[in-house]
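Notes for the one structure printed next.
Laboratory data are not the source of any read-out in this text; all were calculated from the coordinates shown. Treat the numbers as computed from the prediction; the structure is a model and nothing was measured. All Cβ positions, glycine included, derive from the backbone under ideal geometry; neighbour counts span all protein chains shown.
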Amino acid sequence: MTMRPDPTFHASPKLAMEAPVENFAYTVLLSPDHSKPDALAVIDVKRGSPTYSKIVHTVRMPNKGDEFHHFGWNACSSALSPLAGHAFLERRYLIIPGMRSSRIYIVDTKPDPTQAKIHKIIEPEEVFKKTGYSRPHTIHCGPEGIYVSTLGGGGKDGTDGPPGIFIMDCETFEVLGRWEIDRGPQTKHYDFWWNLPRDYMVSSEWALPPQFENGIVPEDLLSNKYGHRLHFWDLRARRNVQTIDLGANHQMALEVRPAHDPIREHGFVGVVVDTTNLEGSIWTWWREGGKFHIEKTATIPPEPAPKDKLPPLLQGFGAVPPLVTDIDLSMDDRFLYVSCWGTGEMRQYDVSDPRKPKLSGSVRIGGIVGRAPHPNGQAFAGGPQMVEISRDGKRVYWTNSLYSTWDDQFYPQGIPGAEVMANVGANGGLELARDFWVGLPDGYRAHQIRLDGGDCSTDSFCYPSV
């Protein structure tokens, strides 16, 4: 604990953009066949460093079969909230849940990222006993604690009751209990985030464990049984105040990205696939007149492909869906990045007018059929997946794995783990960096990325930018 606020906490998004740039990228590694423990890789991203774009430290876990997916910090800029009771926390610990095991690891990044080590392990039994939830997924640091979303309820298959959110103490890491007081119609879960001063949260839906753990269930997808709703919550009262259905054909509403500047009451959500035409889509929500509203503001079409180049799952369609599996919003709320994991495209939209996104940049790498190589000549399997943006908005990092069983269905030839980076033009546009290529150890795939000092899908802010 410090005697003054952590210097990586910033009152506003603009101040975060002006802070020193990142030196390290933390990336979770998963063993898809569970033959070895999952791990956390620490990657050097300092320009001019002799180990630039290399793994300089690895924290290997003591257990197998965790399936690392999303992770986050114990504390961030939200700790500067005037309502916070923890003014002197440090952005020090990474909270890494095992989505398959329901085990949670706490990794200490001090005194130096190259010496990161396991601080504490929370066994699944504690999560089950205190929350009734399983399959922890997304971590967000709030003013008063650590919020953890889950994809499963109780019981062996995670369907004994709905999934939800639970809270952990941000200093002791004790699991405290469920967050929801009144969940309303919410029965599935995926992502969540908030606008702290406006006192609301938004959450999305993916699927229940039997619908994702052993791979996508085609019958459920074509019957529109995956998630397709957004839920809006009173953050302080912990109750659902409104639910909006995007339409049953808009299957799998995943990442939610509210505007960083709390004065702006809008945000974005990506939808993986429309079952009527295979397109992916971006939706914009906003609050007006005390109610939340949402509309589809961008669509991405599928791309025709010969049957013999498609995996069995897609051969009946004769096309590759874009598969919008992640989105991320730059700190100045100007550019939205959209991962098209199926077609192998990273898209950049100018969302200065949030209800009229304009395509401003694009690069191709990987893809089910395209299989575009990296500019350095390296083959890139999979497609752009988890995306992270530097605080200053000048660099965009991404990995190539979605989820082990889904990887195997869409990319049956395998997905060797890789991480790449693109540079962003002053007025938009993307160009893959030829000199940034992170090859991962054999047998590992890469998922989410975190940047030291915070990034664009970590921090939430309590004060407007000036």
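Between Arg371, Arg355, which is more than 22 Å from Thr284 (Cβ to Cβ) and more than 20 Å from the chain's Cα centre (by Cα)?
Arg371
Return the residue satisfying two criteria in turn: it lies in the stretch 296-317 and is in contact with a strand residue (DSSP E or B) (Cβ under 6 Å, 6 or more places away or on another chain) and either in a loop (DSSP other than H, G, I, E, B) or not small (Gly, Ala, Ser) (or both), and of such residues it is surrounded by the fewest Cβ atoms within 10 Å (Cβ to Cβ). Steps first, answer last, please.
So the first thing to find is which residues in the stretch 296-317 are in contact with a strand residue (DSSP E or B) (Cβ under 6 Å, 6 or more places away or on another chain), and the list is 296-300, 302-305.
This time we only want the ones that are either in a loop (DSSP other than H, G, I, E, B) or not small (Gly, Ala, Ser) (or both), so: 296-297, 299-300, 302-305.
On the way: Lys296: 15, Thr297: 19, Thr299: 14, Ile300: 23, Pro302: 21, Glu303: 19, Pro304: 10, Ala305: 19.
Ranking the qualifying residues of the stretch 296-317, first place goes to Pro304.
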Seminar exercise, completed: Taking the stretch 318-332 and keeping only residues that are in contact with a helix residue (DSSP H, G or I) (Cβ under 9 Å, 6 or more places away or on another chain) and surrounded by fewer than 23 Cβ atoms within 10 Å (Cβ to Cβ), one is left with Gly318, Asp332
For this session: Scan the stretch 103-128 residue by residue and report those that are part of a helix (DSSP H, G or I) and under 23 Å from Ala79 (Cα atoms).
Result: Pro113
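Between Arg100, Arg91, which is in a loop (DSSP other than H, G, I, E, B), charged (D, E, K, R) and either closer than 12 Å to Leu30 by Cα or out of contact with any strand residue (DSSP E or B) (no Cβ under 8 Å at 6 or more places or on another chain) (or both)?
Sole residue among the options that is in a loop (DSSP other than H, G, I, E, B), charged (D, E, K, R) and either closer than 12 Å to Leu30 by Cα or out of contact with any strand residue (DSSP E or B) (no Cβ under 8 Å at 6 or more places or on another chain) (or both): Arg100.
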Problem set entry | Residues located in the stretch 34-79, provided they are touching a Ser or Thr at 6+ places or on another chain (Cβ under 8 Å), within 25 Å of Tyr411 (Cα to Cα) and in contact (Cβ under 8 Å) with a residue 40 or more places away in the chain | Asp38, Ala39, Leu40, Ala41, Glu67, His70
Exercise. Are any residues in the stretch 167-222 under 21 Å from the mean Cα position of the chain (by Cα) and of a type in the set (Gly, Ala, Ser), and if so, which ones?
Worked result: Ser203, Ser204, Ala207, Gly215
Exercise. Using beta carbons and a limit of 7 Å, which pairs, at least six apart or on different chains, have the first residue in the stretch 205-217 and within 19 Å of Thr275 (Cβ to Cβ) and the second one among the basic types (Lys, Arg) and crowded, with 19+ Cβ neighbours inside 10 Å?
Worked result: Glu205/Lys188; Glu205/Arg229; Trp206/Lys188; Ala207/Lys188; Leu208/Lys188
For this session: Note down all Cβ pairs under 7 Å where the first residue falls in the stretch 307-332 and is over 30 Å from Leu15 (Cα atoms), the second is aromatic (Phe, Trp, Tyr), and they're at least six residues apart or on different chains.
Result: Pro311/Phe410; Leu313/Phe410; Leu323/Trp341
Exercise. Surrounded by fewer than 21 Cβ atoms within 10 Å (Cβ to Cβ), of a type in the set (Ser, Thr, Tyr) and within 22 Å of the chain's Cα centre (by Cα), is that true of Ser362?
Worked result: yes
